[in-house]
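Have a look at the structure below before the remarks.
The values are calculated or read from the model by the stated rules, or taken from the named source; none is laboratory data. Because the structure is predicted, anything quoted here is derived from the model rather than measured. Here the Cβ positions follow ideal geometry from the backbone for every residue, glycine too, while neighbour counts run over all protein chains shown.
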Amino acid sequence: MNMGKRLIGLLLIPIMITSLFAGCGGASSTTPGNTSQQPASAQGGSVPTQAEQGLSDGSTGGDTVKIGLFACLSGNNADSGKIVRQGVELATKLVNENGGLENLGGAKIELVVTDITSDSTQVAAIVERVLSQNPDMACGLGFSTSGVTLAAISVFENYKMPFFTCGTNNDITTKGYNYVFRNVCNGTAFSDIQLEFIRYLQNAGYGGTKLGIVYENTAYGISMAESAEAKFSNADGLELALYESFSPGFSDASSLVTKLKNAGCDIVIPCAYANECSLIMSTMAQMNYSPIVVGGGAGMLLPSFGVDMGESVNGITSASCWNFDSTNITNSAACTAAVKQYEETYGDFMAEHAGLTFSHLVAAAEAINYAGSTDHEEIRKAIIEMTPEWELNLINPPGYWDFDEKGDNINAIALIVQWQDGRPRTVYPLEYAGAELMQ
């Protein structure tokens with residue numbers, strides 16, 4: 001089978017998680033705006049609401065520190081929201097089981113989980129309500145899509161509360177805000193690694209010169225597409241033959257795929273969430289159209305995408321901010337054990353959004369511990385000034401984070417993953433690869 005068709009068309013030995021932190025510091029709370037609080041057991045299933053637990057908003061013990069998880073647990077992005085929640089709950093469990101926050105007397109993390117829905121027009125009001133009801137919350141995290149992140153930034157800024165996001169939209173850290181922290185790469189890094197990988201394929205003799213960029217008309221899709229267009233428009237040996245948007249939630253991709261095919265695109269970069277990605281890819285297969293596909297992350301990295309695509313998922317590649325088998329993880333006993341525990345607990349590989357928000361929680365916890373305080377200004381100062389030491393903070397590629405004054409992790413990199421045997425494997429850059437590229 002040719003490279004185009006393959007491109008479209010692990011876990012390690014058990015390791016006990018011990019001494020993961022150089023002294024570190026279980027509880028979880030859900031709300032469309034439903035908010036809940038409970039011990040984080042990372043056993044899967046739904047978290048009881050506050051009403052079910054007899055808790056009122058703001059309930060907390062004296063030996064806990066509240067961290068807010070804001071996730072899309074309903075609506076179109078509920079699939080990714082579930083994964084986000086699982087990653088954060090596991091990280092909370094591990095921090096709490098390994099001594100909690102030592103500099104706060106061993107205080108445990110109390111996770112306050114809020115459903116921000118998948119509607120960015122509701123997010124600001126939901127976040128405002130939760131923050132007003134939880135004045136003792138130390139920081140927030142989650143926000144796995146650019147749209148909800150952009151909608152929430154001003155609220156956190158008004159409350160002067162640090163929060164972590166894995167949204168890739170370039171605008172997130174360019175507005176002069178002081179309390180947003182993105183520990184992942186941005187959209188520009190995605191287009192950089194996509195071009196680098198396409199050059200790698202060309203040098204290996206796999207061809208491809210006419211490029212098609214198709215993207216959903218959302219904050220994420222537009223940002224990714226604009227970065228890709230800027231990168232590829234003037235790239236030697238490549239022609240941008242089609243640049244086309246589509247509405248999220250569309251039910252027929254035949255017109256879009258026909259445009260790609262008629263334009264002669266032999267390389268396609270789709271930027272979309274899971275349902276739309278699956279529809280585009282399945283329509284390509286139905287139309288016997290098999291370009292090289294180098295996706296823009298998001299839906300192409302979710303377990304549900306692999307399920308929807310079946311065997312035909314194998315060979316598809318995509319840019320990614322994180323993957324479970326990159327060498328920064330496999331070279332760390334603690335990170336390897338965490339990835340393994342996630343799979344054992346939830347019955348699936350640790351997907352990108354789970355890994356990224358796992359890293360949010362660990363970063364927040366170490367920063368709070370370093371500050372020795374739940375004061376927002378002290379935590380913000382710690383995030384920017386400290387050098388992380390907890391081994392679990394190696395989980396985000398290429399390793400320990402380093403935030404600049406804008407809130408960007410200047411160490412963050414992008415990866416290329418390829419679906420192999422029903423799960424994404426890191427194949428590029430070669431120094432971070434956990435598997436060889438399928439031919």
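Looking for something in a helix (DSSP H, G or I), of a type outside the set (Lys, Arg) and farther than 20 Å from HIS353 by Cα - is there at least one such residue anywhere in region 132-145? Within region 132-145 (the criterion being in a helix (DSSP H, G or I), of a type outside the set (Lys, Arg) and farther than 20 Å from HIS353 by Cα), the answer is yes, since at least one residue qualifies.
Each residue in region 208-230 was checked for being surrounded by fewer than 20 Cβ atoms within 10 Å (Cβ to Cβ), not in a loop (DSSP other than H, G, I, E, B) and not β-branched (Val, Ile, Thr), and 4 of them qualify. Report yes if some residue within region 180-188 is among the β-branched types (Val, Ile, Thr) and under 19 Å from ALA298 (Cα atoms); otherwise report no. Within region 180-188 (the criterion being among the β-branched types (Val, Ile, Thr) and under 19 Å from ALA298 (Cα atoms)), the answer is yes, since at least one residue qualifies.
Yes/no per residue for (1) assigned by TED's automatic domain parsing to the domain that holds ILE67; (2) within 21 Å of ALA435 (Cα to Cα); (3) within 19 Å of the chain's Cα centre (by Cα); (4) not charged (D, E, K, R):
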residue: ASP325; (1), (2), (3), (4): no, yes, yes, no
residue: GLU343; (1), (2), (3), (4): yes, yes, yes, no
residue: MET350; (1), (2), (3), (4): yes, yes, yes, yes
residue: LEU361; (1), (2), (3), (4): yes, no, yes, yes
residue: ALA364; (1), (2), (3), (4): yes, no, yes, yes
residue: ALA371; (1), (2), (3), (4): yes, no, no, yes
residue: HIS376; (1), (2), (3), (4): yes, no, no, yes
residue: ALA382; (1), (2), (3), (4): yes, no, no, yes
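Looking only at region 279-306, which residues are under 19 Å from the mean Cα position of the chain (by Cα) and within 15 Å of ASP79 (Cβ to Cβ)? Result: GLY297, ALA298, GLY299, MET300, LEU301, LEU302, PRO303, SER304, PHE305, GLY306.
Among the residues of region 231-260, those that are touching a strand residue (DSSP E or B) at 6+ places or on another chain (Cβ under 7 Å), assigned to a helix (DSSP H, G or I) and closer than 26 Å to TYR200 by Cβ comprise PHE232, LEU260.
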